[in-house]
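Peer 1: The structure that follows is given in the form of C-alpha cells.
The values are calculated or read from the model by the stated rules, or taken from the named source; none is laboratory data. In this text the structure is predicted, and so the values were computed from the model without any measurement. Cβ placement follows ideal geometry from the backbone for every residue including glycine, while neighbour counts extend to all protein chains displayed. Ligands, DNA and RNA are stripped out before the accessible areas are found, and what is left, the full protein with its side chains, is counted by its heavy atoms. Shrake-Rupley method; radii C 1.70, N 1.55, O 1.52, S 1.80 Å.
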Amino acid sequence: MPHSTIEIIFNNPYMALYGHPSTSAGKALKGIVVMRFKRPAKIKSLTLRLEGESDINWIYSTALLNSKCRFKEKLLDQTLTILEPNEEMYTMPAGVSKFPFEFAIDGDMMETIKTQVVKCDYSLTATAERPHFQPKLSIKKPVLVKRFFQHNDDPIVAYDTIPNVLSIEFFAQKKVYGFGDIIPIHVRCLPLGNTTNVCLRINSAIKEITTFRKPKSNKTNVQKKWHRVVFENDFSNATEREVIMPIQSNDIQFDCDNIFMETRHEIVLRVEAKHHAQTLTHFIKIPVIILSDTVDRIFEVLPPYYTLEEHFPNVPPPSYSQSNIALVV
C-alpha cells in the first residue's frame, strides 16, 4: 500500500439537471477530497479542475457527395483552489484528511452523451502539489451529468380504425419512462358492424429518431433506429392484448435536445387483422419520452414521516396553553 493516497468522493452518483437547457436552473456539484498519509506530510497546494469536452464525428450527406463532420469543443473548464500555494506549506497529519468542495454549474450544461457519433464527457481532477522532489498526488474521476424533463403522469389514449373491420383502442399508463422501466400497453380491438371471426397479430417496436447538428451551421444528419420489442408469428382470436415493452439501456439512447443532437422516440404498433382470407395491416404511432434512469430514481420523494413519540417516546409534546403563556410573557 502506498504511503500517501488521494481520492474524490461525490455526494451523488450523478449530477441531475431538470428541464430544457434554456430554462433549467443551475446545480451544484458537491463532494469531498480525501487524502491519506501514513505519517505527517507537507503539501504546497490542493486544487480541483472540472473539465468537459465534446467530440463530434458524423457524415453530412448532400446531393453530390458525402463529407465528414468532425470537430471537438471545450464545454467546461473550471478550477477550484482548496489550499492556496503557501511558502510555509501545509502540514497534513497522519491518517485521513477531508476537504469538501462545491462547483456551481449553469443549468444549460450539456448532459453526458456516449454514442458512436456524439461524445460529451466530463471529469474532475484533484491535484496535491508536494515539496522538493516528491511526486504530486493526483486523481482523475469521471463526472456523470444527466438531464431530466418534467414528469408527466397523464395516460396515453389513442383510437383508430381499420375501415369496416376493426376499431382499435391503445392505452399506456403514462408518457415518461426511463432506462430499466417497462412500458405496459393495452390494446383492444373490437369488430365493426357484422364482422365476425377476425384474427389478430400484434407487433410492436420503439422507433428512435436522432438528428445530429453542427453548431452555427445548417448541416444536419438524421438517423432512425428500430428496437423490436414484441413479435408475434401466429394470429390469435383474442381481441384484447396486454403488450409488455422493456426499455433496455444498452440498446436505446435517451431523449435529449441540445446544440449537437436531438433524440426522440415513438411506440409503433402494427396491428394485422385476418378476415375472410384477407390480411389488413394498420400502424399506430405514439410519442413517448425515455429518460436516462428509472423514473423511481429520478424524481425525489419526501422523507418518511415519523411521529414525535417515535423519536422521543418519554417526552410529551407541549400544550397550546403553555405555548400561549410563553408568547404573552
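Peer 1: Every residue in the range 97-114 that is open to solvent by 30 Å² or more (accessible area, probe 1.4 Å) and either in a loop (DSSP other than H, G, I, E, B) or among the polar types (S, T, N, Q) (or both), please. So that I can check it myself, show each step before the final result.
Peer 2: First pass over the range 97-114, keeping only residues open to solvent by 30 Å² or more (accessible area, probe 1.4 Å): 98-100, 102, 104, 106, 108, 114.
Those that are open to solvent by 30 Å² or more (accessible area, probe 1.4 Å) and either in a loop (DSSP other than H, G, I, E, B) or among the polar types (S, T, N, Q) (or both): Asp106, Asp108.
Peer 1: Can you find a residue that is part of a strand (DSSP E or B), more than 30 Å from Val117 (Cα to Cα) and open to solvent by 10 Å² or more (accessible area, probe 1.4 Å) anywhere in the range 210-229? Step through it out loud before you land on a result.
Peer 2: Quick first cut of the range 210-229, residues part of a strand (DSSP E or B) only: 210-213, 220-229.
Next, only the ones that are more than 30 Å from Val117 (Cα to Cα) stay: none.
There is no residue in the range 210-229 that is part of a strand (DSSP E or B), more than 30 Å from Val117 (Cα to Cα) and open to solvent by 10 Å² or more (accessible area, probe 1.4 Å).
Peer 1: Separate question: Looking at (1) assigned to a loop (DSSP other than H, G, I, E, B); (2) open to solvent by 60 Å² or more (accessible area, probe 1.4 Å); (3) under 29 Å from Glu53 (Cα atoms); (4) in contact with a strand residue (DSSP E or B) (Cβ under 8 Å, 6 or more places away or on another chain), find the lone condition where Asn250 falls short.
Peer 2: (4)
Peer 1: Could you grab me the full set of residues in the range 130-158 that are under 30 Å from Gln253 (Cα atoms), open to solvent by 60 Å² or more (accessible area, probe 1.4 Å) and in contact with an Asp or Glu (Cβ under 8 Å, 6 or more places away or on another chain)?
Peer 2: Answer for the range 130-158, where residues must be under 30 Å from Gln253 (Cα atoms), open to solvent by 60 Å² or more (accessible area, probe 1.4 Å) and in contact with an Asp or Glu (Cβ under 8 Å, 6 or more places away or on another chain): Pro142, Val157.
Peer 1: If you go through the range 159-179 one residue at a time, how many are under 39 Å from the mean Cα position of the chain (by Cα) and open to solvent by 60 Å² or more (accessible area, probe 1.4 Å)?
Peer 2: Total satisfying the criteria: 5.
Peer 1: Every residue in the range 14-32 that is of a type outside the set (Ser, Thr, Tyr) and within 17 Å of Glu102 (Cβ to Cβ), please. Break it down into steps so the answer makes sense when it comes.
Peer 2: Step one: of the range 14-32, the residues of a type outside the set (Ser, Thr, Tyr) are 15-17, 19-21, 25-32.
Within the range 14-32, Met15, Ala16, Leu17, Ala25, Gly26, Lys27, Ala28, Leu29, Lys30, Gly31, Ile32 qualify.
Peer 1: Only residues that are in a strand (DSSP E or B) and not small (Gly, Ala, Ser): list them for the range 115-131, please.
Peer 2: Our first condition is that a residue be in a strand (DSSP E or B); within the range 115-131, this holds for 118-129.
If the condition is that a residue be in a strand (DSSP E or B) and not small (Gly, Ala, Ser), then Val118, Lys119, Cys120, Asp121, Tyr122, Leu124, Thr125, Thr127, Glu129 are the ones that fit.
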